[in-house]
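Have a look at the structure below before the remarks.
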Amino acid sequence: MQKTIRTQLSDLRPVFLWVYGPLCMGMVIILGAIYAAGIPLAWLTRDPLAIMGGEFYVGSISNFGILFWCGAATISLFTAGLLGRSEEAREDRKFLLFGGLLTLLLCLDDLYMFHETVFPRYFHLKEGLVVLSYGVLLMAYVWRFRKTILESRFLLLLLASLFLGVSAVVDRLVHDTFPLRHLIEDGSKLFGIVSWFAYYLTFCRNLLAAKTGASGE
């Protein structure tokens with residue numbers, strides 16, 4: 001039976017509150033902050049390439065990686081929500097919840113350059129210290145959920161760690177004048193992000209398949 005607009009408005013009231021409430025509050029906070037700092041509004045609302053006058057392909061590899069960060073975080077958090085609060089799914093739900101939040105942090109760091117710019121410039125924290133803290137968080141996550149990881153197809157997670165590690169080492173130790181520096185650094189980073197995404201995609205697919213009795217292969 002087709003629902004009327006009035007019925008939908010009633011049914012969707014909680015959704016409106018959770019979606020548009022925080023969005024409106026965030027917009028008010030941002031507008032107040034940029035007004036106080038004297039920042040042009042267009043700098044926050046327009047596309048960066050339009051503001052800088054860059055070509056459409058500028059930063060395309062980095063943007064591609066951001067999409068996969070977002071995909072991994074979304075899949076993990078969405079699946080964690082689907083698992084409900086049953087005791088049987090408790091460990092998997094925690095694994096995906098914390099994994100999704102960690103992925104979201106890495107996504108935001110990549111998108112807004114937290115460890116390169118935000119933390120050093122505005123919070124006076126050294127870049128190396130921020131990167132180290134991310135590493136500690138990752139190791140704590142892996143140690144806490146080591147049993148879940150070892151029971152999964154963890155090769156993809158190992159590959160993701162390897163590629164991201166290579167990217168971090170090149171970033172810290174290889175000089176800009178080296179001809180292939182950016183290809184190795186950013187290429188390894190992209191392979192690492194895609195491997196990270198593939199791990200969580202595979203984990204969630206197999207987990208949900210097991211719950212529904214479908215094939216996860």
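The values are calculated or read from the model by the stated rules, or taken from the named source; none is laboratory data. A quick note: this is a predicted structure, and the numbers were derived from the prediction, not measured. FYI the Cβ positions are ideal-geometry reconstructions off the backbone, even for glycines, and counts take in every protein chain you see.
At least 1 residues being among the aliphatic types (A, V, I, L, M) and over 24 Å from residue 122 (Cα atoms) is the threshold, and among the helices (runs of 4 or more DSSP H) wholly inside the stretch 1-55 those reaching it are 5-11, 13-37, 48-52. Tell me, please, whether a residue that is under 21 Å from residue 188 (Cβ atoms), among the aliphatic types (A, V, I, L, M) and modelled with pLDDT of 90 or more can be found in the stretch 86-96. So far as the stretch 86-96 goes, no, none of its residues is under 21 Å from residue 188 (Cβ atoms), among the aliphatic types (A, V, I, L, M) and modelled with pLDDT of 90 or more.
When the stretch 164-207 is filtered for residues that are without any contact (Cβ under 8 Å) to a residue 40 or more places away in the chain, crowded, with 17+ Cβ neighbours inside 10 Å and not hydrophobic (A, V, I, L, M, F, W, C), the ones remaining, listed by number, are 167, 171, 185, 188, 192, 195. Residues in the stretch 117-136 that are exposed (fewer than 15 other Cβ atoms within 10 Å of the Cβ), part of a helix (DSSP H, G or I) and not hydroxyl-bearing (Ser, Thr, Tyr): 6 in all. For residue 157, are the conditions met, namely being in the same structural domain as residue 207 (by TED's automatic domain parsing), under 21 Å from residue 75 (Cα atoms) and either of a type outside the set (Lys, Arg) or surrounded by 12 or more Cβ atoms within 10 Å (Cβ to Cβ) (or both)? Yes. The residues of the stretch 150-166 that are more than 15 Å from residue 205 (Cα to Cα) and aliphatic (A, V, I, L, M), listed by number, are 150, 155, 157, 158, 159, 160, 162, 164, 166. The single residue among 5, 61, 30 that is more than 30 Å from residue 167 (Cα to Cα), touching a residue at least 12 places away in the same chain (Cβ under 8 Å) and not acidic (Asp, Glu) turns out to be 30.
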